[in-house]
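One structure is given here, and the rest of the page talks about it.
The values are calculated or read from the model by the stated rules, or taken from the named source; none is laboratory data. Note that the structure is predicted; figures quoted are calculated from it, not measured. Here the Cβ is made from the backbone with ideal geometry for all residues, glycine too, and neighbour counts use every protein chain on show.
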């Protein structure tokens, strides 16, 4: 049997829950963080996965998660947050979901071309006001006095 046929049989015969794949992704990210090679944003991805992705998609077979299911997830997330999320929040959520799908592809649970499209329609973040400038002279004088 060819690799693609084997992958098709594996995906269609043994559906894997999003919870199982999400936990595999979390374990992998924690290992990388503990080894000092993981990206610091992995901690945010883990929070997103545990707080949003698992409660909504946990029992769903990862092979059945499609664009419509992702859109329903976004709507549910808006309701859970109680507000329209900013674009940066949606980017973090999209990256966390993508990380779970990357794990599913790596494990051979789904084919790369069946990963649903992630779209960011969040509000643009507003720049925070800068803190007032303070003179560095008091700190410099304190250092010179030592």
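What do you reckon, is residue 45 touching a residue at least 24 places away in the same chain (Cβ under 8 Å), within 13 Å of residue 98 (Cα to Cα) and either touching a helix residue (DSSP H, G or I) at 6+ places or on another chain (Cβ under 7 Å) or surrounded by fewer than 18 Cβ atoms within 10 Å (Cβ to Cβ) (or both)?
Against the criterion (touching a residue at least 24 places away in the same chain (Cβ under 8 Å), within 13 Å of residue 98 (Cα to Cα) and either touching a helix residue (DSSP H, G or I) at 6+ places or on another chain (Cβ under 7 Å) or surrounded by fewer than 18 Cβ atoms within 10 Å (Cβ to Cβ) (or both)), residue 45 qualifies.
Residue by residue through the range 66-79, note down the ones that are touching a helix residue (DSSP H, G or I) at 6+ places or on another chain (Cβ under 6 Å) and either buried (at least 17 other Cβ atoms within 10 Å of the Cβ) or at positive phi (or both).
Matches in the range 66-79: 73, 77.
Note down all Cβ pairs under 7 Å where the first residue falls in the range 94-117 and is on the phi < 0 side of the Ramachandran plot, the second is part of a helix (DSSP H, G or I) and exposed (fewer than 15 other Cβ atoms within 10 Å of the Cβ), and they're at least six residues apart or on different chains.
105/112; 116/67; 117/67
Among the residues that make up the range 37-44, is at least one of them modelled with pLDDT of 90 or more, closer than 21 Å to residue 112 by Cβ and under 15 Å from the mean Cα position of the chain (by Cα)?
The answer is no, given that none of the residues of the range 37-44 is modelled with pLDDT of 90 or more, closer than 21 Å to residue 112 by Cβ and under 15 Å from the mean Cα position of the chain (by Cα).
Would you confirm whether any residue within the range 54-62 is at negative phi, in contact (Cβ under 8 Å) with a residue 40 or more places away in the chain and surrounded by fewer than 13 Cβ atoms within 10 Å (Cβ to Cβ)?
Yes, the range 54-62 contains a residue that is at negative phi, in contact (Cβ under 8 Å) with a residue 40 or more places away in the chain and surrounded by fewer than 13 Cβ atoms within 10 Å (Cβ to Cβ).
In this structure, is residue 19 farther than 18 Å from residue 117 by Cβ and part of a helix (DSSP H, G or I)?
Answer is yes for this residue.
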